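Comments concern the structure below.
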Amino acid sequence: MYLPVVVGVDGSESSLGAVDRAADEAVLHGVPLRIVHAYRWDRYEGASLAREFGRQSGHVTSDDILVVATRRARRHHPDLAVTTEATAEEPEYVLLREARNASAVVLGTRGRGELAGLLLGSVSLTVATMADCPVVVARGDHGDRATGGRQGRIVVGVADAPTAAVRFAHEEARRRGADLDRAAWLARPSGSVPALDDVDTSRAHALADDFLARQPDGGWLDPRIRGELLSCYGIPQQPWAWAETEDDAVRAAERLRGADGRVVLKAHWPGLVHKSLQRAVHLDLRDEAQVRTAFQDLATRFEGPMTGVVVQPLAPRGTELFAGVVQDGVFGPLVVFGLGGTATEVLADHAARLAPLTGQDVHDLITAPRCAPLLFGTQGGGPVDLEGLEQLLHRLSRMAVDLPQLAEADFNPVLVTPGGVTVLDARIRLLPRRPQDPCPRRLR
């Protein structure tokens, strides 16, 4: 077998660790190494690479990434034959194309960007399930040479892999004690997509069409349209009201106060992310004076971008989760689920599955993140409302499938308790898009 081992790099530490693994595999099998960098941005903002080149973050180019990757490959194997390529295309397209003429593809597990950065392994998942050759997903740091550690997972592409590729995968799995996933994956029950009650698809289409008629380039929905869209799919929301003036906020607070009398004010403007980090939220407001003071503070600090505030009753304690959708350029909508709240991007404890979600997919999403034990009861506490959580994911999946214009949706946090599931905050972005060809999505 003289086909090269292909490794995909994006400049992240995970992908550079994958280069180490790929170089070892290429030498072991006596084949060349091919390093591929596919990108959708002109520059990669990598702090570690910037330090290596003595530049500011954001000034590292694709050529720099290939230089560092080649240097890594030859650090332990100076005579290894290496070819490189950088191309401004979607990584999934490029790596699947390269896999047609490769003995194996090696990938790291991390992504980048805001919501895309949460999809750890989303490119790896796509390539592993569609490639025509074995795929090695290098988990964690490869630098365990002292102990001979070779963490990783061998995956044979679900497409009709050639016999030599399957033999390669079995040999590698036996040699390293890694998991061989093809048979297990194919043997899993495919599950079914459940029918959902109380879904108003026609109204959802009308809302999306009306928004894009007014904003042809698309954008983020304001809370009123967003709330109505979620209602079309029966997605549970924390009660809320929109207020553009101080008096409006006071009246809304009086109407929404819960048993403890406390409310929350959240500033809003299109594209606002990380309200807590920007101090755009006021909690525990108990009376009219505090509501007025909070509104004045937000209006003063965010004068210009702020278009209004969302008023809500203070939520009870519970587990904060994240649920969202991002549109993949090849395979359509991916549903993401995992730990939420302010730790979402820091801990990056998430899993992703292609929509529409089957019952099996939803089970996998709920059980895959490291935070899953919190949902099934810990330290004597009972489980959260798992049925309600399953319904939320199915309804989010249905919305993503119904609306090709849905470019991105973030539900963060989603509050789960033994008594229910509620979306406390949400962001939805629509873009003018047509339905995609479903053929590339077939994984079996």
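The values are calculated or read from the model by the stated rules, or taken from the named source; none is laboratory data. If you're wondering where the values come from, they're calculated on a predicted model, not measured in any experiment. Counting neighbours? That spans all protein chains shown, and the Cβs are built from the backbone with ideal geometry, glycine included. With ligands, DNA and RNA removed, areas are computed over all heavy atoms of the protein, side chains included. Shrake-Rupley method; radii C 1.70, N 1.55, O 1.52, S 1.80 Å.
Some points to look at:
- Considering (1) farther than 19 Å from Leu196 by Cα; (2) open to solvent by 20 Å² or more (accessible area, probe 1.4 Å); (3) in contact (Cβ under 8 Å) with a residue 24 or more places away in the chain, the lone condition that Gln391 does not fulfil carries the number (1).
- Each residue in segment 237-252 was checked for being open to solvent by 40 Å² or more (accessible area, probe 1.4 Å) and not in a helix (DSSP H, G or I), and 6 pass.
- A search for C-beta distances below 9 Å between a residue of segment 85-111 that is among the aromatic types (Phe, Trp, Tyr) and any residue that is crowded, with 20+ Cβ neighbours inside 10 Å, counting only pairs 6+ apart in sequence or on different chains, returns Tyr93/Ala38.
- Taken over segment 4-45, the residue count meeting the criterion of being surrounded by fewer than 20 Cβ atoms within 10 Å (Cβ to Cβ), modelled with pLDDT of 85 or more and either among the hydrophobic types (A, V, I, L, M, F, W, C) or within 18 Å of Asp132 (Cα to Cα) (or both) is 2.
Conditions (1) modelled with pLDDT under 95; (2) assigned to a helix (DSSP H, G or I), marked per residue:
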| residue | (1), (2) |
| --- | --- |
| Ala195 | yes, no |
| Ala204 | no, yes |
| Ile235 | no, no |
| Glu254 | yes, yes |
| Gly258 | yes, no |
| Gly271 | yes, no |
| Lys275 | yes, no |
| His282 | yes, no |
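- Subset of segment 282-303 (residues that are farther than 14 Å from Glu254 by Cα and open to solvent by less than 40 Å² (accessible area, probe 1.4 Å)): Ala294, Phe295, Leu298, Ala299, Phe302
- All conditions but one from (1) crowded, with 16+ Cβ neighbours inside 10 Å; (2) without any contact (Cβ under 8 Å) to a residue 40 or more places away in the chain apply to Ser202; the one that does not is (1).
- Of the listed requirements (1) farther than 18 Å from Leu207 by Cβ; (2) in contact (Cβ under 8 Å) with a residue 12 or more places away in the chain; (3) assigned to a helix (DSSP H, G or I); (4) not basic (Lys, Arg), Met399 misses just one: (1).
- Only one entry of Arg139, Arg71 meets the criterion of being over 30 Å from Gly271 (Cβ atoms), modelled with pLDDT of 75 or more and open to solvent by 60 Å² or more (accessible area, probe 1.4 Å), and that entry is Arg71.
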